Structures are given as structure tokens and as C-alpha cells.
Amino acid sequence: MKHPTIPLLLTLILVASAAGESAAQAKSAGAARRDSVIDAAREIIGLQTYCALITVDSSGGPSVRTMNPFPPDSDMTFWIATNSRSRKAAEIRQNSRVCLYYADHGRASGYVAIKGRALLVDDMNEKLKRKRPYWDQAFPDWKYLVLIKVIPERLEVINYKRGMLNDTITWRAPSATFGDRTTGAALPD
């Protein structure tokens, strides 16, 4: 007489094994998709000289200005130079939430929007790493030169060349989230 629990146990083991493989494949596909979203964003960013920096003003409304950023670091951290006495620096001191927006609508290549937190960095080594020729004229003694470091939390991208388009129903763009670099926790999408 066969024991009825052995086939059931074998079936459960096979189902659990297949579920584990599916979860691993889904995680791998998710990482590949995230990497392709970031690569598509880097491509659009690389085509631009300028971006828009959006900060929050004292009344809670958006303030937008054109900036000349540095290319993003390997971890997608962004750097921009500004005057420490500027309105944008004051707004960042009050509310660190910012958005960077890259687009060239004339060529219709797509766009990238990066939401994150900004820090004002007044470190001479960081400034020297990023020195631009016009700084000597714009900031004669570098007294008021400060860097804005934007730590990304979420980015979204439309890249027409790569066929990376928005959802046809919700119009939501492909996106990637970045973990909270202070706790390592994933941020909500």
C-alpha cells in the first residue's frame, strides 16, 4: 500500500521549487528593467547641456530655473554649482525636496525627471573636482560658491529612440526608485 502523503509532499516540494525559481527570475528581470530605465535616462541626460531645477518656495509653490549640471555620478547623484546667497540655496535650506528635469523637445528625444533630496556642499575638495573655467569670473574668491548635491529617490524617463514610452492608459512613464541612502530601505514607487 502506498502512503498518500508522499506524492502530496513531492508535489508541494516541486511547487515550492518552481515558485522560488519564478521569484528569482522576476527579481532578475526587475533588476534588468531598472538598469535599462537608468541607461535610457543617462542617454537623454547626456544629450542635454542644461536642466531645470525645481525647488519649493516659502509659500509651498514650485520655483523653476535653468541650470548647467555636471554629468551624474555612477550612482546617479547629481551636482550643480550655485551662489550660496541665491534664492534656490535658501529654498533648499528650508525644504530639501527637489526635482531635476532634462528634455530637448526640439529633437523629441524624450525627457527625464529626477525627484530627490538636495544638500548644499561647501567642501573645497568637491569644488576643485568639478571646477569650471567661468567660476573664477563668476565667483572671484569662491567665497559664495556652493555645490548642490541631488540624491535621487525616483526617476522617470521617456526615451523615444529606445521605445521607452508611457503607459497607454495611465500615461505613467517608466521609472526607477533608489533606496534611502541613510537607511538602505527601498523607497515606494
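Pairwise Cα distances in region 50-107 exceed 18 Å in 36 percent of cases. Residues in region 100-116 carry Karplus couplings, in order, of 10, 10, 10, 6, 9, 6, x, 9, 6, 7, x, 8, 9, 10, 10, 9, x Hz; the curve used is 6.51 cos²θ - 1.76 cosθ + 1.60 with θ = phi - 60°, and Gly or Pro positions show x. Rolling a 1.4 Å probe across the protein heavy atoms gives region 48-163 an accessible surface of 53 Å² per residue.
In this structure, the amide hydrogen of SER96, modeled 1.01 Å from its nitrogen in the peptide plane, lies closer than 5 angstrom to no residue at least 5 positions away or on a different chain. Over 24 Å apart at the Cα level, from the set LYS88/LYS149; LYS115/LYS143; LYS129/LYS149; LYS88/LYS161, are LYS115/LYS143; LYS88/LYS161. Backbone geometry of region 50-60 corresponds, through the Karplus equation with coefficients 6.51, -1.76 and 1.60 at θ = phi - 60°, to 3J(HN,Hα) couplings of 10, 9, 9, 9, 10, 10, 10, 7, 5, 8, x Hz, x marking Gly and Pro. Taking only the alpha carbons of region 44-189, we obtain Rg and Dmax values of 16.1, 53 Å in that order. Taken one residue at a time, the phi angles of region 86-97 give Karplus couplings (6.51, -1.76, 1.60, θ = phi - 60°) of 6, 4, 4, 5, 4, 5, 5, 4, 7, 8, 7, 6 Hz. Gly and Pro are set to x. Under 5 Å between amide hydrogens, built in the peptide plane, is the criterion, and for ASP57 it picks out SER63 among residues at least 5 positions away or on other chains.
The values are calculated or read from the model by the stated rules, or taken from the named source; none is laboratory data. Since the structure is predicted, the reported quantities are computational estimates derived from the model, not experimental observations. Only protein heavy atoms, including side chains, enter the accessible area calculation; ligands, DNA and RNA are left aside. Shrake-Rupley method; radii C 1.70, N 1.55, O 1.52, S 1.80 Å.
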